[in-house]
Amino acid sequence: MRQPLIAGNWKMNGTRASAEALMRAVVEGVSGTVGKAEVALCVPFVFLELGERLLAGSAVHLGAQNVCSEPGGAYTGEIAATMLKEFGCRYVICGHSERREYYGETDELIAKKLVRVTESGMRPILCVGETLEQREQGFTQTVVASQIDAIIAANGIESFAQMEIAYEPVWAIGTGRTATPEQAQEVQSFIRARLAEHDKVIAEKIRILYGGSMKAGNAAELLAMPDIDGGLVGGASLVAEEFLAICRAGDASV
Ligand code: 13P
């Protein structure tokens, strides 16, 4: 049985005050009601120190949303994996579709980021997913397979033993349009089967999260699917009660 992971991706949202209030509310809510699912908050870099302090000793893990592909040095504006580790991060989102689309991140660059994260003792959450156009043209599996295969080719199948995957159909992100549980399950079981062609044990163990307008209202039915092992939650993670309801759905899915 894979322990569900519910991870909030705050993206570029919040103020110091709202970040503090949200962290406090999630810590408090999780301590009372959640236990079986693992919970994490992936916050903007500037709130990591706050997160390190406020999440310390709680059941809520800290995560970042991006990392530099290089270990350190003259890379103005970048943040190294070792820095994230120092601030108590356990997870780092890599290859989010917003990074692929707006910042030109390629599979090759993402593969390097994954190495930086794991060699620093953290776990990447590797995001994959197709655009609406690709889905409508029938290319969903081709696109997702090529994103996964690129990482296998660069880093080896063993690297998947140290990471999580998030399937995030681009057309469902921030649109309010969620993949149906069946649509998500179909792609997520495809991802697992793709990995199993290389290593059955790793494929069976890896957690594959779903991301794309996961909310309190649809989390339970998504998490009930056999290959959906958690959620990477954007908008709904910015509202404590909404996020906590998803965490409870994660608990109930065990
Ligand atoms: P939304 O939940 O806002 O659709 O965002 C999903 C996402 O991109 C999580 O990484």
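Assorted remarks:
- Residue list for the range 119-141, filter: under 18 Å from Q162 (Cα atoms) and crowded, with 18+ Cβ neighbours inside 10 Å: S120, M122, R123, P124, I125, L126, C127, V128
- Pick from the range 236-247, criterion surrounded by fewer than 24 Cβ atoms within 10 Å (Cβ to Cβ) and in contact with a Lys or Arg (Cβ under 8 Å, 6 or more places away or on another chain), ranking: farthest from E28 (Cα to Cα): A236
- Pair list, Cβ under 6 Å, 6 or more apart: the range 224-235 residue closer than 11 Å to I246 by Cβ, other residue among the small types (G, A, S) and more than 6 Å from the ligand (Cβ to nearest atom): L232/A7; L232/A166; V233/G8
- Filtered by the rule that a residue be in contact with an Asp or Glu (Cβ under 9 Å, 6 or more places away or on another chain), of a type in the set (K, R) and more than 14 Å from the ligand (Cβ to nearest atom), the range 76-105 gives no residues.
- Residue-level check: of (1) outside any loop (DSSP other than H, G, I, E, B); (2) more than 18 Å from the chain's Cα centre (by Cα), Q147 misses just (2).
- In the range 172-225, residue modelled with the highest pLDDT [restricted to those that are within 16 Å of the ligand (Cβ to nearest atom), surrounded by fewer than 18 Cβ atoms within 10 Å (Cβ to Cβ) and assigned to a loop (DSSP other than H, G, I, E, B)]: T180
- Boolean, E164 is within 14 Å of the ligand (Cβ to nearest atom) and either surrounded by fewer than 16 Cβ atoms within 10 Å (Cβ to Cβ) or among the charged types (D, E, K, R) (or both): yes
Yes or no, residue by residue, for (1) of a type in the set (F, W, Y); (2) over 18 Å from V115 (Cβ atoms); (3) open to solvent by less than 30 Å² (accessible area, probe 1.4 Å); (4) out of contact with any Cys (no Cβ under 8 Å at 6 or more places or on another chain):
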site	(1), (2), (3), (4)
N9	no, yes, yes, no
L22	no, yes, yes, yes
L62	no, yes, yes, no
L84	no, no, yes, yes
C94	no, no, yes, no
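- Count of the range 226-239 residues, restricted to those that are within 12 Å of the ligand (Cβ to nearest atom) and more than 12 Å from the chain's Cα centre (by Cα), is 5.
- Failed item, numbered, when K113 is tested on (1) assigned to a helix (DSSP H, G or I); (2) open to solvent by 30 Å² or more (accessible area, probe 1.4 Å): (2)
The values are calculated or read from the model by the stated rules, or taken from the named source; none is laboratory data. Owing to the predicted nature of the structure, the values given are computational and were not obtained by experimental measurement. Counting neighbours? That spans all protein chains shown, and the Cβs are built from the backbone with ideal geometry, glycine included. Please note that ligands, DNA and RNA were not included when accessible areas were found on the heavy atoms of the full protein model with its side chains. Shrake-Rupley method; radii C 1.70, N 1.55, O 1.52, S 1.80 Å.
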